[in-house]
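Throughout, read-outs are computed from the coordinates displayed, never taken from laboratory work. Note that the coordinates shown come from a computational prediction; the quantities given were computed from them, not determined experimentally. With ideal geometry, Cβ positions are generated from the backbone for all residues, glycine too; neighbour counts draw on all protein chains shown.
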Amino acid sequence: MRRPITLYGLTFSLPLLVWQILFFVFPLLFLVALSFWTVKNFTMRPDFDTVNWTTMYGRAVFWQAYGTTFALATAASVLTSTLAFPCAYAIAFKLSDSARRWAVFLMVIPFFTSYLVRVYSWQIFLSDNGIINVILGWIGLGPFPLLNTVGATMIGYLTLSFPLVVLLQLFSLVFIDRTLIEAAHNLRCGRLRTVFAVVIPSARVGLVIAALFCFILSFGDFVSPVYLGGGEPTTLSILITDTTKSGQQWPRAAVIALTMIGTLMLVAFAAVKFAYKGKTR
Amino acid sequence: MSRIDTAATGLTRRSLLATGAAVLATPMLSRRAFAQATELTMLAWYGHAEPDIVAEFEAENNVKFVPKYYTGGDNMLGLISQSPPGTFDVILSDAEYVQALNEAGYVEELDPNDYALADYFPEFQNFPGNWADGKLFSMVTRFGFLGVAYNTDALTEAEAANYNVFWDPRLTGKVGHFDWHLPNLGQMSLLNGNANPYDIDEAAWQAVKDKTMSLRPQIGGFFDYGGTFSSLNDGQMLAFCGIGDWITGVLEKSGAKVRSVIPEQGGLQWSECFSIGKDSAKADLAKKWIQYITSAKGQAKSAQMAAYPALVPNQKGWEVLNAENPDEAKRQGMTKEAGNVIDMIRAGRIKYRQWPVQQSLEDWNDFWSEYKGS
């Protein structure tokens with residue numbers, strides 16, 4: 001039987017609802033409307049014209065940027081999750097309680113500084129005359145082109161999402177029922193097999209959600225592709241800025257933005273469905 | 001215990017409170033006097049309302065500038081179109097955007113008699129874009145040239161003085177683009193020998209596209225303002241297309257080994273112009289500012305702006321600059337010596353950066369996106 005809606009319940013739920021309507025639904029609806037506006041002589045005019053959609057979807061460069069962005073974000077999710085898992089696993093299962101608290105604190109610290117500043121500081125390490133190439137030079141190697149490469153962009157994505165992914169993975173790992181692991185060991189299951197057969201399936205929801213967050217952050221990121229990747233290959237976020245530089249074409253930029261939002265929603269639904277697959281309440 | 005005789009000291013509780021209140025209120029009064037400075041809103045590129053430029057004018061006129069900085073002409077037009085009329089008292093615009101400002105009715109008409117136009121070099125007295133139907137809408141304040149920016153350790157000035165240097169095998173992966181189609185494609189058009197680089201027919205436009213595409217393997221990145229600075233400063237990029245002294249001048253002053261040169265195929269000119277915003281409630285003060293910044297004294301300041309240096313069109317401004325800072329005047333080529341920047345303009349080596357005439361802006365931008373993605 002459904003509970004009746006009470007004033008007490010509304011007091012706590014309404015602010016969230018109002019917030020979502022004001023700052024998510026309204027802007028999103030405006031973005032949809034904007035994508036049908038037209039631009040004449042640098043001035044946007046309210047209109048209902050599909051020209052922006054047909055133009056953007058008809059351009060090869062759009063689909064190229066879409067594919068690139070999707071592939072980069074997927075690669076970032078896989079790479080970050082793979083690198084973060086041993087870290088989260090060690091914090092969850094190998095450290096004492098106090099050491100674990102310190103580790104969590106260390107993972108939170110990066111959020112104290114601006115992401116832009118952290119990315120700029122990577123330039124000092126990665127440039128041809130940077131710290132890494134200087135050190136390699138001491139042993140007679142290099143210089144290797146590290147900056148303005150896809151690899152550098154990936155380092156930026158890791159900088160952005162690695163601490164968050166570790167934390168999200170950690171929260172799912174610490175809540176695993178330890179008796180399941182003990183049972184596996186009692187049944188002569190090796191350490192590695194226990195990780196793959198017991199730990200990962202048990203923490204699946206958290207691991208998938210962590211990877212999803214990494215995908216979302218990387219898919220929309222502008223800073224790393226520009227300041228570490230040197231603006232190439234063109235990602236959708238770069239294409240948005242390019243489009244707005246072409247005579248105030250905000251409606252076309254809105255088409256790109258809406259496509260990105262749609263993609264992220266589909267990926268999020270698919271990820272959540274996969275995460276909870278087979279789970280019952 | 002002794003008591004203070006209030007009658008003898010003349011200090012009553014009431015007078016003590018009154019004096020105390022007056023003392024406490026004094027800073028508030030002075031703060032109020034300070035707050036009376038008139039606020040003047042300025043829409044401009046970064047640097048134009050910083051103390052090195054505006055402090056003297058602010059002190060002399062009891063004005064406080066409230067700047068709104070933009071990053072590019074499209075951004076500027078967007079900010080104006082989204083603001084009610086009268087929001088911006090003074091508007092700085094790149095020359096190619098002045099006509100758009102004028103057509104949209106965003107700026108007030110100016111009276112030529114209010115300004116020291118007679119002190120300007122003749123080339124700037126009837127500056128294109130500032131005038132429409134014989135009416136003045138904007139005053140060109142500063143300008144600069146775009147050529148080849150290069151690392152002086154990697155290239156000599158003679159090597160850099162040709163756009164073909166971008167294809168030099170030594171520079172593979174080391175050529176950077178300032179990420180805006182207009183200056184880059186304009187330079188490619190100059191390299192292809194187009195006398196009017198932005199007024200080209202379809203065949204010439206196709207040739208510009210082909211030539212540009214052939215440069216793609218050399219390119220190490222596409223950079224915004226900050227990225228351009230850092231990649232030149234740390235030697236990551238050894239040559240740059242689409243910029244000039246407005247970036248390398250700042251780096252050069254701080255000791256970086258970079259310079260700009262106008263290649264033998266010619267260079268492009270950017271120009272910044274001041275206008276008074278439509279329906280400004282402080283139009284008189286805005287006019288006073290434009291008078292100041294276009295005067296000899298203001299022009300010398302503008303030439304040495306900390307954010308980015310520039311050339312100035314006022315001949316008397318050159319005289320003040322040469323008296324104040326002869327080294328900077330010489331570095332920028334604003335001296336009476338032969339081969340100065342005005343001579344370069346008169347020799348036809350410099351073309352205005354402008355919007356494409358025979359293609360749409362969109363065509364150029366679309367190609368730029370394709371070029372970047374290729």
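What the table below lists for this structure:
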{"read-out": "FRET E, pair B:ALA323, A:LEU141, Förster distance 56 Å, beta-carbon r, rounded to 0.05", "value": "0.55"}
{"read-out": "Cα-based shape type of chain A, given that a ≥ b ≥ c are square roots of the gyration tensor eigenvalues and the cut on a/c is 1.5", "value": "oblate"}
{"read-out": "Overall dimensions of segment B:116-228 as given by Cα atoms, namely Rg and Dmax in Å", "value": "17.5, 51"}
{"read-out": "Reachable lysines from A:LYS40, criterion Cα separation under 17 angstrom, eight or more residues apart if same chain", "value": "A:LYS245"}
{"read-out": "Shielding by partners - mean other protein chain Cβ count within 10 Å, residues of B:225-233", "value": "3"}
{"read-out": "Highest to lowest packing among B:309-321, B:269-281, B:199-211, scored as the average C-beta count within 10 Å", "value": "B:309-321, B:269-281, B:199-211"}
{"read-out": "Whole-number percent relative contact order across segment A:100-152, with pairs defined as alpha carbons under 8 Å at least 6 apart", "value": "23"}
{"read-out": "Simple Cβ-charge dipole of chain B, Lys/Arg +1 and Asp/Glu -1, about Cα centre, in debye nearest 20", "value": "1400"}
{"read-out": "For segment B:182-188, 3J(HN,Hα) per residue [Karplus equation, 6.51 cos²θ - 1.76 cosθ + 1.60, θ = phi - 60°, Hz, x = Gly/Pro]", "value": "4, x, 5, 6, x, 5, 5"}
{"read-out": "Least to most buried among B:PHE88, A:PHE12 (fewest other Cβ within 10 Å first)", "value": "A:PHE12, B:PHE88"}
{"read-out": "Residue order, fewest to most surrounding Cβ atoms within 10 angstrom, among B:THR38, A:THR241, A:THR234, A:THR113", "value": "A:THR113, B:THR38, A:THR241, A:THR234"}
{"read-out": "Whole-number percent relative contact order across chain A, with pairs defined as alpha carbons under 8 Å at least 6 apart", "value": "27"}
{"read-out": "5 angstrom amide H check on B:ILE350, placed H, neighbours 5+ away", "value": "B:GLY267"}
{"read-out": "Equivalent ellipsoid dimensions for segment A:44-108 as semi-axes, Å, which come from the Cα gyration tensor, largest first", "value": "47, 16, 7"}
{"read-out": "Fraction of antiparallel bridges per DSSP, the protein assembly as shown only, in percent to nearest 5", "value": "60"}
{"read-out": "Derived scalar couplings ³J(HN,Hα) [segment B:149-164; Karplus, 6.51 cos²θ - 1.76 cosθ + 1.60; whole Hz; x for Gly, Pro]", "value": "9, 8, 7, 6, 7, 8, 9, 8, 5, 5, 5, 6, 7, 7, 4, 5"}
{"read-out": "Whether segment A:1-118 is rounded, prolate or oblate, judged on the alpha carbon gyration tensor where a/c under 1.5 counts as rounded", "value": "oblate"}
{"read-out": "Per-bin percent of Cα-Cα distances, the protein assembly as shown [20 Å]", "value": "15, 41, 29, 12, 2, 0"}
{"read-out": "Mean projected area (nm²) of the alpha-carbon convex hull when segment B:267-357 is viewed from all directions", "value": "7.7"}
{"read-out": "Euclidean distance between Cα centres, segment A:31-63 to segment A:159-207, Å", "value": "47"}
{"read-out": "Segment B:39-126 - share of DSSP beta bridges that are antiparallel (%, nearest 5)", "value": "0"}
{"read-out": "Of B:LYS68/B:LYS297; B:LYS68/B:LYS287; B:LYS135/B:LYS316; B:LYS257/B:LYS297; B:LYS253/B:LYS297, those spanning more than 28 Å from alpha-carbon to alpha-carbon", "value": "B:LYS257/B:LYS297"}
{"read-out": "Computed FRET value (nearest 0.05) for A:ALA60 with B:THR71, which takes r as the C-beta separation and R₀ as 25 Å", "value": "0.35"}
{"read-out": "Pairwise FRET efficiency - A:PHE175 versus A:ALA99, Cβ, R0 = 22 Å, nearest 0.05", "value": "0.75"}
{"read-out": "Sorted by Cβ density within 10 Å, fewest first, the residues A:LEU264, A:LEU192", "value": "A:LEU192, A:LEU264"}
{"read-out": "Inter-site label distance for A:VAL134 and B:LYS336 at 7 Å from Cα along Cβ, in nm", "value": "4.9"}
{"read-out": "Relative contact order %, segment A:1-160, counting alpha carbon pairs below 8 Å whose residues are six or more apart", "value": "12"}
